[in-house]
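Heads up, the thing below is written out as structure tokens.
The values are calculated or read from the model by the stated rules, or taken from the named source; none is laboratory data. Note that the structure is a prediction, hence the values are computed from the model and not measured. Here the Cβ is made from the backbone with ideal geometry for all residues, glycine too, and neighbour counts use every protein chain on show.
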Amino acid sequence: MGFPVQVSKRSPAIVSVFVLSMTSNIDTAHRYLSRMERGWLLWAMCAAAGFLPLLCALPERWLFRFWKGLSIASVVLVVLVWWKIPVETVRVDRWELMSNFLHRLFQGEYPYLASSHLNPAPPAPFPWLFLVGIPAWWVGEIGWFPLASLVLLVWIAPKRVRPFLVIALATSLPVWYEVIVRSNIVANAALVGAFLLTEPGRKSSGVVLNAILAGVVLCTRACFAAPVLVWAGSVFVARREWKRLAIWGGAALFVALLPFALLIWVWGWPLFREWNPLRIQGAIQSPIGPILVLVASPWIGSMARSAIDRLWIGYLVVLLPMLALLLPVLVDGSWLLSNRGYFEVAFWNTSLVLGMLAWAVSRAEREDKT
């Protein structure tokens, strides 16, 4: 029995992506432009930001004409902004937590005691996210990590999908914001999206190689474990390939747990028990909902009829737990406060990039059929 999602029945999911993108554009514009502008001009700019994602509806022939130039211009603009705006003046500390984590690690100090000038608490992402970003840290610009991750996602996407994916990313202010402030949420989402586009092949060596990639992605953020399990369900569980699933799952779990084992081996269990990302993330959200999503993900994924369905399900299993975090902020009125908590960025970007990828693949499929 297949997952009942056809091209015509994906409309609610597609609408949700654009509502999410338009809303997050308005929110981002208001939060940061309100510091400089007031009155009708601010609202006009917010409205323009909200309508920006509708450029994705441009005809295919237009997108194919300028998407490469848009990609190059985006990279150039980001680098210019990095050069013009000192990173120390940005009121975001994910870049600093990531840099301090790696600095402590290579100094032989326990990395999860890293802090920043804004936040004394240790970083929340899992170890592999920091380790993958080592090349950017080595060259002295941590911003290359999110930018290179997005480039990787576009490069891995099928050729027909790239123009649509580029325009979707380029019309999202939160995506621009994340790259400019050197945050790692968009980078994390891009790496997950790139993994969801992979296929393990029939050989055992391909399964093991894919499992290594899966293990890295599993050990980045807790919320991104769900789409990886959806992928496993659609590839192995749906086909009842239990032996290949056992090989893949064993190798992926080994790679995902290896950094944690090394942290315990080098610095001991008592320190790890007190300062580890699972405990930190557990303080942000009750684990019951996310655990239920994780348990259900492989079985939901097994009902996907196609790779596109897999992408849509992956997007939704990330979005729904994030909504559980967003709704209390909307209800208690703190959404209207200009100094509300740091976590608002994650409301959008942990799921938004995956939704854009799913839409881009769906749009390419629709264009091919017409």
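Output the number of the condition that ALA170 fails; it satisfies all remaining conditions of (1) of a type outside the set (S, T, N, Q); (2) within 14 Å of the chain's Cα centre (by Cα); (3) surrounded by fewer than 24 Cβ atoms within 10 Å (Cβ to Cβ).
(2)
How many residues does segment 48-91 contain that are surrounded by 14 or more Cβ atoms within 10 Å (Cβ to Cβ) and closer than 19 Å to SER24 by Cα?
Number satisfying all stated conditions: 5.
Considering segment 131-142 alone, what residues qualify as being more than 22 Å from ILE212 (Cβ to Cβ) and buried (at least 21 other Cβ atoms within 10 Å of the Cβ)?
ILE142
Could you figure out which of (1) charged (D, E, K, R); (2) within 19 Å of SER302 (Cα to Cα); (3) buried (at least 19 other Cβ atoms within 10 Å of the Cβ) isn't true of ARG221?
(2)
Checking ARG240 against (1) out of contact with any helix residue (DSSP H, G or I) (no Cβ under 9 Å at 6 or more places or on another chain); (2) part of a helix (DSSP H, G or I): exactly one of these is not met. Which one?
(2)
Would you be able to say whether some residue in segment 288-306 is modelled with pLDDT of 70 or more, charged (D, E, K, R), crowded, with 22+ Cβ neighbours inside 10 Å and out of contact with any Lys or Arg (no Cβ under 7 Å at 6 or more places or on another chain)?
Taking every residue of segment 288-306 in turn, none turns out to be modelled with pLDDT of 70 or more, charged (D, E, K, R), crowded, with 22+ Cβ neighbours inside 10 Å and out of contact with any Lys or Arg (no Cβ under 7 Å at 6 or more places or on another chain).
Check segment 83-91 and report whether any residue there is part of a helix (DSSP H, G or I), free of Cβ contacts under 8 Å to residues at least 60 places away in the same chain, out of contact with any Lys or Arg (no Cβ under 9 Å at 6 or more places or on another chain) and of a type in the set (Asp, Glu).
yes
Could you say whether any residue in segment 93-109 is modelled with pLDDT under 95, surrounded by fewer than 18 Cβ atoms within 10 Å (Cβ to Cβ) and within 24 Å of ALA190 (Cβ to Cβ)?
No, that holds for no residue.
Out of (1) over 23 Å from ILE134 (Cα atoms); (2) touching a Gly at 6+ places or on another chain (Cβ under 8 Å), what's the single condition that is false for LYS243?
Status for LYS243: all satisfied but (2).
State all residues of segment 195-213 that are outside any loop (DSSP other than H, G, I, E, B) and either among the charged types (D, E, K, R) or touching a residue at least 40 places away in the same chain (Cβ under 8 Å) (or both); if no residue qualifies, say none.
LEU196, SER204, VAL207, VAL208, ALA211, ILE212, listed by residue number.
Just checking, how many residues over segment 307-351 are surrounded by 20 or more Cβ atoms within 10 Å (Cβ to Cβ), modelled with pLDDT under 75 and over 15 Å from the mean Cα position of the chain (by Cα)?
0
May I ask you to list the residues in segment 16-31 that are in contact (Cβ under 8 Å) with a residue 40 or more places away in the chain and more than 20 Å from the chain's Cα centre (by Cα)?
ALA29, ARG31 - these are the residues of segment 16-31 that are in contact (Cβ under 8 Å) with a residue 40 or more places away in the chain and more than 20 Å from the chain's Cα centre (by Cα).
Go through segment 15-68 and count every residue that is more than 19 Å from SER362 (Cβ to Cβ) and touching a Gly at 6+ places or on another chain (Cβ under 6 Å).
2
Look through LEU218, LEU191, LEU209, LEU213 and report the one residue that is under 18 Å from GLY250 (Cβ atoms), under 14 Å from the mean Cα position of the chain (by Cα) and not aromatic (Phe, Trp, Tyr).
Only one candidate passes the filter, namely LEU218.
Is there any pair with a first residue in segment 182-194 that is assigned to a helix (DSSP H, G or I) and a second that is of a type in the set (Asp, Glu) whose Cβ atoms are under 6 Å apart and which are 6 or more apart or on different chains, and what are they?
Here the result reads ILE185/GLU178; VAL186/GLU178, each pair linking segment 182-194 to a residue that is of a type in the set (Asp, Glu).
Looking at segment 14-69, which of the residues that are assigned to a loop (DSSP other than H, G, I, E, B), farther than 15 Å from TYR177 by Cβ and among the charged types (D, E, K, R) is modelled with the lowest pLDDT?
Only one residue tops the list, namely GLU37.
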